[in-house]
2 protein chains.
Amino acid sequence: MTAAPLTVVVVGGVAGGMSAATRLRRLDESAHIVVFERGPEVSYANCGLPYYVGGVIEDRQALLLQTPASLHRRFRLDVRVRHEVERIDTTAKVVEVVDHGSGRRITQPYDRLILATGARPRRDEPDAVTPTRSLRTVEDADVIEAALTRPGLPVVVVGGGYTGLEAVENLVARGASVTLVQRGEQLLAPLDVEMAAPILAEVRAHGVDVRLGVRVQEVAATGVTLSDGSVVPAEFIVDASGVIPEVGLASAAGIRIGATGGIAVDASCRTSAPDVFAVGDGVEKQDLIGGGEALITMAGLANRHGRLVADVIAGRQEAARPAVGTGIVQVFGVAAAKAGWSEKQLRAAGRDFYAVHAHPASHAGYYPGAETLSMKLLADPASDRILGVQIVGRDGVDKRVDVVATAMQAGLPAAELAHLELAYAPQFGSAKDAVNILGSVAENTRTGTTPSLQWHELDDAVAAGATLIDVRSPAEFAAGAIPGARSIPLDELRERIDELPAGPLVVHCQVGLRGHVATRLLLQHGREVRNLDGGYRTWCDATGASR
Amino acid sequence: MTAAPLTVVVVGGVAGGMSAATRLRRLDESAHIVVFERGPEVSYANCGLPYYVGGVIEDRQALLLQTPASLHRRFRLDVRVRHEVERIDTTAKVVEVVDHGSGRRITQPYDRLILATGARPRRDEPDAVTPTRSLRTVEDADVIEAALTRPGLPVVVVGGGYTGLEAVENLVARGASVTLVQRGEQLLAPLDVEMAAPILAEVRAHGVDVRLGVRVQEVAATGVTLSDGSVVPAEFIVDASGVIPEVGLASAAGIRIGATGGIAVDASCRTSAPDVFAVGDGVEKQDLIGGGEALITMAGLANRHGRLVADVIAGRQEAARPAVGTGIVQVFGVAAAKAGWSEKQLRAAGRDFYAVHAHPASHAGYYPGAETLSMKLLADPASDRILGVQIVGRDGVDKRVDVVATAMQAGLPAAELAHLELAYAPQFGSAKDAVNILGSVAENTRTGTTPSLQWHELDDAVAAGATLIDVRSPAEFAAGAIPGARSIPLDELRERIDELPAGPLVVHCQVGLRGHVATRLLLQHGREVRNLDGGYRTWCDATGASR
């Protein structure tokens, strides 16, 4: 005796929706699976769109991973593009759909409904007389691509997050003259200011006019007026000012929307309506660090939760893992990545934490091509649980963030990063890998082996009477130093210890390592001393000094 | 009241010994720390030596990370090179040392002794009339470098492990005509044969004459005679046939040597003699997978245990983590990495396991430069504990092995790899990262969602009456197929299901994914079916067919 085939309707045919539909077919050959996609394409590579604009991806077809025909052939999916679901009746268990091709309206019953409606551009910028597009769909990319008619075309990108930065890089690659307008005082809001600084420097070094702390006030044919009164030229505007969950359909159907603004779901991605599931950027996620709900819009989560919903519909017990929000972006060769919370977030939530910075090499220094990484780790001082990581650099960033994200998801304490056995050959790492070093710094800091202070605590420490000692070489000191620092190179410190004034000391070096050695030395000579965490490099990044 | 300063003697001044000495100074400013190194250099980059021979590292000085003078300046270490410790008296707590510079003998008392004597070449090859060097010291590299006097110089490398392969690559880079002699039937013994196959193919593609399953029988001026009777030309021999722990000193002092042949230590790296510690390649390690002791000779472990010994001597409670033996090697652009045990090891030990192969792309396929990875995961069918991982490919190998090694050390089950949130931008990964895919395949296999069989089980299955169905495209089938396979492309399988003969089926595709879809489809149509794990690609690698 076989149960009657299920009818499963999926709203939205990109990452989460299509993962659900294909996995469900693999688990249930008999189900009737209908996918409604309002746009002209399904299953396209939206993370590739900026690179199509920039010409890195040359073949437009490469963006279109599947078509309705290919999905029918392989998975017997009934995929209907240009079909917009306009209403859900959760009692009658039907959706009302308009076919934008024919103008016809359809009523489609469902046994299970999966909402994968995604997010939409926030678009709180004024209506534009200048052509404006976000960069979410293949059509968007086509329009932007077509607009780049001449070298030097003045383009304003609004928003300095992941997509905005990728847009900037690719517009510059196409010869556009780019102004980047960012509402916040830093680029890449998920990072702390000193960690976003290398990205800011890199973007500016590539000729981009970056305007921080301003909004677009008015758009006129003559240019874009910013909230500080300045006017920047613009013949095209790329709106990357962020997205908000697309919840209109769910909300109108009486499905519960969470406090974050995303559709509320349980660990099995069930909404408040019976037999209605939701996944992807429209849905709020369980946040591993915060414990509560958060909007974390990552393609990986959408895919994974799509697969999970199919498992649940097929009768399996599955629960989504709380999310750490691992993300990465690369701009002009510099990658910036994060997982978990930033220091800003932890402060705003009143969470207890300690922070460490490290600047290890991406691989053995004696092998060509090693690059200096900037790493920041945030952890709980009581449990040593890792709360967040941020990594910026030209090489090996993706690897290190993946290792720390894995450690976070597995619940490893920060000090345990020092003990991870990571693959070492000189092209790939060091006998003490960057992640090991980060763990050692965390352990030295948390246990009080090496007391440290943060860049933003330095002025207060000096005002309270501490003497700042720069233990770098005389050549490094001469090339640029923190105002007020006294130079005593580490290798002379033992002999010159009597030169040090009474009272508390702060020592620093270039990246923190020699400062650590100096701190240990001075502590054992009975001095009150702290190491400036992350050294001169972090201080420069934080204060805007060139390093 | 201060305790009298400790005298700590370190025997061996490279990775483990120098990590111990410098960490100890940071923890104990007063200790008298003496390091005896029998060679002319300390703290050199031995993992860089092949690349110095090959000219990748151009500056010899780059290999010399520290000198006795620099270590004295910064750490007040009393480092004595060309000083060989000849005897330890663990009762009197003294070591007897010969200074090879002056010929003088010294007796040096110690409060704590750290043995970091490392490993030495096995050198079981016959005495050579042809110049023969291993590649362990800077002097070795100098001698080999100097021997490469002309293009086409015939060189035999004995041993196809990590060092042997690196030597091969760099000798080829210098224009040598290289024969690689490997006793085993495959290169890279830590890997299983099908995973080492791409390395074998790559080495041969670069003109290296690889001889498997043979030993060097006799060395004469006319050439090297191998155990199969063949003679290969050789004007120089690089001996990379492996190392054994250097335990003569410890053994003569009555210090316990373990069954593995390495110095036996507890979790704090204490030997059987009071106040004598040992670290590095001369010491046996606790093996995370096996539970017992093993010889795992990795620079990272030597460094980490050196640091740990310093902590213990300074009065801290520290214990070494059991080792997973993460390792990586790159040859001609192809990297091969592993952590944990191989299938061979598990079989030899009679351990229960299941194996999966996957061949995902190193990053999003729509972004230029993606490479296909070969991945193998071994896990325990009862607990799903990860027992081993092997990864081979041209891009992103180091990242994936580090993520899986971290998961192993954290105790994550194999299926959990599917849920890791790994950083995704199209240059770096995919929305479903390679590691996620490996985890999904493991879960589908272990839960029986997709029954599979291994390449070495195929012949028996066919002999028992199974029909082999190749579900790849007709073009793929035409380009090369498994003998006896019938071609039914996946997208035609539903329509043509009645063509399938009765009885059990085995399906396969190129890498395993379409085979998985076909298996699910056929299972639901009531067929007995298994998917050939890893597909045609793994089958080719295992059987030596060109793919």
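When you scan the range B:513-529, do you find a residue that is more than 14 Å from chain A (Cβ to nearest Cβ) and either in a helix (DSSP H, G or I) or open to solvent by less than 20 Å² (accessible area, probe 1.4 Å) (or both), even just one? Checked against the condition, which is being more than 14 Å from chain A (Cβ to nearest Cβ) and either in a helix (DSSP H, G or I) or open to solvent by less than 20 Å² (accessible area, probe 1.4 Å) (or both), the range B:513-529 yields no hits at all. Residue B:400 - would you say it is open to solvent by 30 Å² or more (accessible area, probe 1.4 Å) and either modelled with pLDDT under 95 or within 24 Å of the chain's Cα centre (by Cα) (or both)? Considered against the rule, which asks whether it is open to solvent by 30 Å² or more (accessible area, probe 1.4 Å) and either modelled with pLDDT under 95 or within 24 Å of the chain's Cα centre (by Cα) (or both), residue B:400 comes out as no.
Just wondering, is there one or more residues in the range A:160-167 that are among the aliphatic types (A, V, I, L, M) and either away from chain B (no Cβ under 14 Å) or in a loop (DSSP other than H, G, I, E, B) (or both)?
no
When B:386, B:391 are checked against the criterion of being touching a residue at least 40 places away in the same chain (Cβ under 8 Å), under 22 Å from residue B:330 (Cβ atoms) and either in contact with a helix residue (DSSP H, G or I) (Cβ under 8 Å, 6 or more places away or on another chain) or facing chain A (nearest Cβ under 9 Å) (or both), B:391 stands alone in meeting it.
The single condition among (1) in the same structural domain as residue A:398 (by TED's automatic domain parsing); (2) open to solvent by less than 30 Å² (accessible area, probe 1.4 Å) that residue A:437 does not meet is (2).
If you go through the range A:312-322 one residue at a time, do you hit one that is within 29 Å of residue A:195 (Cβ to Cβ) and within 9 Å of another protein chain (Cβ to nearest Cβ)? Within the range A:312-322, one or more residues are within 29 Å of residue A:195 (Cβ to Cβ) and within 9 Å of another protein chain (Cβ to nearest Cβ). Inspect the range B:419-430 for any residue being in contact with a His (Cβ under 7 Å, 6 or more places away or on another chain), open to solvent by less than 10 Å² (accessible area, probe 1.4 Å) and in contact (Cβ under 8 Å) with a residue 12 or more places away in the chain and give the result as yes or no. Within the range B:419-430, one or more residues are in contact with a His (Cβ under 7 Å, 6 or more places away or on another chain), open to solvent by less than 10 Å² (accessible area, probe 1.4 Å) and in contact (Cβ under 8 Å) with a residue 12 or more places away in the chain.
Residues in the range B:445-460 that are in contact (Cβ under 8 Å) with a residue 12 or more places away in the chain, open to solvent by 10 Å² or more (accessible area, probe 1.4 Å) and part of a helix (DSSP H, G or I): B:445, B:446, B:455, B:456.
Give just the number: which of (1) closer than 24 Å to residue A:314 by Cα; (2) buried (at least 24 other Cβ atoms within 10 Å of the Cβ) does residue A:273 not satisfy? Going through the list (1) closer than 24 Å to residue A:314 by Cα; (2) buried (at least 24 other Cβ atoms within 10 Å of the Cβ), residue A:273 breaks only (2). Scanning the range B:55-71 for residues that are among the acidic types (Asp, Glu) and either open to solvent by less than 30 Å² (accessible area, probe 1.4 Å) or away from every other protein chain (no Cβ under 11 Å) (or both) yields a total of 0.
State whether one or more residues within the range A:425-435 are within 10 Å of chain B (Cβ to nearest Cβ) and touching a Cys at 6+ places or on another chain (Cβ under 7 Å). Within the range A:425-435, one or more residues are within 10 Å of chain B (Cβ to nearest Cβ) and touching a Cys at 6+ places or on another chain (Cβ under 7 Å). Against the numbered list (1) closer than 29 Å to residue A:340 by Cα; (2) more than 8 Å from chain B (Cβ to nearest Cβ); (3) open to solvent by 40 Å² or more (accessible area, probe 1.4 Å), residue A:411 comes up short only at (2). Just one residue in the set A:255, A:237 is in contact (Cβ under 8 Å) with a residue 60 or more places away in the chain, touching a Ser or Thr at 6+ places or on another chain (Cβ under 9 Å) and within 26 Å of residue A:311 (Cα to Cα); that residue is A:255. Scanning the range A:477-507 for residues that are more than 14 Å from every other protein chain (Cβ to nearest Cβ), out of contact with any strand residue (DSSP E or B) (no Cβ under 8 Å at 6 or more places or on another chain) and assigned to a helix (DSSP H, G or I) yields a total of 4. Of the residues that make up the range B:307-326, is at least one outside the structural domain of residue B:33 (by TED's automatic domain parsing), hydrophobic (A, V, I, L, M, F, W, C) and under 30 Å from residue B:457 (Cα atoms)? Yes, because at least one residue in the range B:307-326 is outside the structural domain of residue B:33 (by TED's automatic domain parsing), hydrophobic (A, V, I, L, M, F, W, C) and under 30 Å from residue B:457 (Cα atoms).
The residues on offer are A:405, A:358, A:302, and the sole one that is closer than 24 Å to residue B:328 by Cβ, facing chain B (nearest Cβ under 10 Å), small (Gly, Ala, Ser) and buried (at least 24 other Cβ atoms within 10 Å of the Cβ) is A:405. Cβ-Cβ distances below 7 Å connect the following pairs, each with a first residue in the range B:320-334 that is under 17 Å from residue B:401 (Cα atoms), a second residue that is surrounded by fewer than 21 Cβ atoms within 10 Å (Cβ to Cβ) and basic (Lys, Arg), and a separation of six or more residues or different chains: B:333/B:394; B:334/B:394.
Of all residue pairs spaced 6 or more apart or on separate chains, those with beta-carbon atoms under 6 Å, a first member in the range A:207-231 that is assigned to a strand (DSSP E or B) and a second member that is open to solvent by 20 Å² or more (accessible area, probe 1.4 Å) and of a type in the set (Asp, Glu) are A:212/A:185; A:216/A:125; A:225/A:218. All but one of (1) within 12 Å of chain A (Cβ to nearest Cβ); (2) touching a Pro at 6+ places or on another chain (Cβ under 8 Å); (3) farther than 30 Å from residue A:52 by Cα hold for residue B:379; which doesn't? Unmet condition: (1). If I filter the range A:364-376 down to residues being open to solvent by 10 Å² or more (accessible area, probe 1.4 Å) and in contact with a Ser or Thr (Cβ under 6 Å, 6 or more places away or on another chain), which single residue comes out as farthest from the other protein chains (Cβ to nearest Cβ)? Ranking the candidates gives A:371 first. Of the residues making up the range B:171-184, those that are part of a helix (DSSP H, G or I) and either open to solvent by 20 Å² or more (accessible area, probe 1.4 Å) or without any contact (Cβ under 8 Å) to a residue 40 or more places away in the chain (or both) number 2. Per this entry, residue B:471 is counted among residues that are crowded, with 24+ Cβ neighbours inside 10 Å, within 14 Å of chain A (Cβ to nearest Cβ) and over 29 Å from the mean Cα position of the chain (by Cα). Residue count for the range A:185-232, restricted to those that are crowded, with 18+ Cβ neighbours inside 10 Å, over 20 Å from the mean Cα position of the chain (by Cα) and of a type in the set (D, E, K, R): 1. For the range B:305-332, give me the residue count where each residue is open to solvent by 10 Å² or more (accessible area, probe 1.4 Å), part of a helix (DSSP H, G or I) and touching a Leu at 6+ places or on another chain (Cβ under 7 Å). Residues in the range B:305-332 being open to solvent by 10 Å² or more (accessible area, probe 1.4 Å), part of a helix (DSSP H, G or I) and touching a Leu at 6+ places or on another chain (Cβ under 7 Å): 1 in total. Within the range B:145-155, at least one residue is assigned to a helix (DSSP H, G or I) and either closer than 22 Å to residue A:425 by Cα or within 21 Å of the chain's Cα centre (by Cα) (or both).
Scanning the range B:474-498 for residues that are exposed (fewer than 14 other Cβ atoms within 10 Å of the Cβ) and either hydroxyl-bearing (Ser, Thr, Tyr) or more than 27 Å from residue A:77 (Cα to Cα) (or both) gives B:478, B:479, B:480, B:483, B:484.
The values are calculated or read from the model by the stated rules, or taken from the named source; none is laboratory data. All values reported here derive from a predicted model rather than from experimental measurement. Quick reminder, even Gly has a Cβ in these numbers, built from the backbone with ideal geometry, and neighbours come from all protein chains shown. The area values use the complete protein model at the heavy-atom level, side chains included, leaving out ligands, DNA and RNA. Shrake-Rupley method; radii C 1.70, N 1.55, O 1.52, S 1.80 Å.
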